[in-house]
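Please treat every number below as a calculation from the coordinates, not as lab data. Bear in mind the structure is a predicted one, so any value in this text is a computation, not a measurement. Neighbour counts run over all protein chains shown; Cβ positions are idealised from the backbone, glycine included.
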Amino acid sequence: MAEQTEAVHGTWSNRWIFILAATGSAVGLGNIWKFPYITGENGGGAFVLLYLVCIVLVGIPIMMGEVLIGRRGKLSPMESMRTLAKEAGASRLWRFVGWMGAIAGFLILSYYSVIAGWALIYVYRLGSGQLDGIGAVESEAMFNDLLADPVTLGLLHTAFMVMTMVVVARGVNKGIESAIRVLMPTLFVLLIVLLGYSLNSGGFEEGAKFLFTFDFSKLSGESVLVAMGHAFFTLSLGMGAIMVYGAYMPKDASIASTVVTVAALDTLVALAAGLAIFPIVFANNMEPSAGPGLMFVTLPVAFGQMAGGTIFGALFFLLVTFAAWSSSISLIEPLVAWCVEKSIASRPVVAAVLGLITWTLGIGTVLSFNEWSDVEFLLGKNFFDSIDYLTANIMLPLGGLLIAIFAGWSMRRSTVQKELNMDSFLLYNLWTVVVRLVAPTAVIVVVVWTLFQDQIVAILGLE
Ligand code: PFF
């Protein structure tokens, strides 16, 4: 099966479309919404450094592994893993890595859509001039009112889920590719314009200092896990999204340079988002550790005061919506691709049904911000925090770990070498060592340490 030459689902028109699509998947709420707020919660620069180390040491090598598996298998992650395991004479159980990923993607989408819905309403709020001249206190109150209103949140979540499933229903070339051709270039232009504004805003120096001063005393034990989990989340790793996009990648494209381009673009966008948000936070005496509301509370204040803020503000939140949109389609694509391969139903029907199930689960997140805010699900966390913790900090790293082990140890060397087709033998060997040893060790140490810190400290008598 792995020898087949044509993918069931279609192929990107060229290597650049893969780069755009993978960057579209990678760049999303994770960069613009989550990265700034978790950096704020974890004390700034030292956290940024940890995150960068994780991107280079763990993210890029595993991403290469994912693309390699996807392009070789050409099918949904579950089927690609199954056929490649067979090809390599490895256990059939490997396909469950694909399944765990698909489930993680579906869980992430359920809350991702709720947050993207916030961005949708902020396009309207800013564009209609409602936030002109707003102060920090009013902005916070306005955001809190939104969170307290499950009906509005539910409607916004519905709108975003419909947007996502319409693109997915149209398929790889007509849907995903044509959406991405427009969304991604627009996104980059908008980001550059906004960065220009932030450079001239009063708090730039302080904001940059916060992001790039490494004060390790500000890190908590959990920060390392959050940084690593975020590296997986932001690069869309460990759950098959990049694998399934790799399945649509043309044979002649170089995996290594493509992956490095995607990771670099993703990191640039995150840092640019940080550089746009923190100066405003400091210029207005706000708290960098404000949590999930950081972007939604701070930015309207800046836009409300700036000349042309109505249009720039609306554009910024449009950018966030676009970025989230091009990511959300990749969250559900592995599961949709599998259902289509198995001829369970046509793509549009599969998209509609899976969309409805995801939507239903998302209602749990909608309620987490109001009716269920005190209801505990996992480790004393509410529904939204539980799903976020479980997926980003556990399922994605675990998925990534298994993918690294599969690509590094189980696949045939000849297959790997042929797919990667790297000119430099040195770089190929370096990748092999990292994917076999360094990345798996890093993931195991970080996850085990964070989850069982207390027990380990007690056993080793470290206190
Ligand atoms: N990488 C996306 C972001 O940073 O917003 C989120 C994401 C998309 C995670 C797709 C995982 C995924 F498979």
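Remarks
- If you filter region 326-384 down to residues that are hydroxyl-bearing (Ser, Thr, Tyr), in a helix (DSSP H, G or I) and farther than 20 Å from Asn173 by Cα, you find that the one that is nearest to the ligand (Cβ to nearest atom) is Thr358.
- Meets criteria (more than 15 Å from the chain's Cα centre (by Cα), closer than 24 Å to Phe312 by Cβ and away from the ligand (no atom under 16 Å from the Cβ)) for Gly274: no
- Val281 falls short on exactly one of the conditions (1) surrounded by 20 or more Cβ atoms within 10 Å (Cβ to Cβ); (2) within 16 Å of the ligand (Cβ to nearest atom); (3) not aromatic (Phe, Trp, Tyr), and that condition is (2).
- Any hit, region 299-310, residues being surrounded by 20 or more Cβ atoms within 10 Å (Cβ to Cβ), touching a residue at least 40 places away in the same chain (Cβ under 8 Å) and within 30 Å of Val353 (Cα to Cα): no
- Taking each residue of region 110-135 that is surrounded by fewer than 24 Cβ atoms within 10 Å (Cβ to Cβ) and looking for partners that are among the charged types (D, E, K, R) with beta-carbon atoms closer than 6 Å, six or more apart or interchain, yields Leu131/Arg125.
- Selection status of Ala102, of a type outside the set (Ser, Thr, Tyr), within 12 Å of the ligand (Cβ to nearest atom) and surrounded by 19 or more Cβ atoms within 10 Å (Cβ to Cβ): yes
- Unique residue being surrounded by fewer than 24 Cβ atoms within 10 Å (Cβ to Cβ) and within 15 Å of the ligand (Cβ to nearest atom) when the list is Ile62, Ile38, Ile32: Ile38
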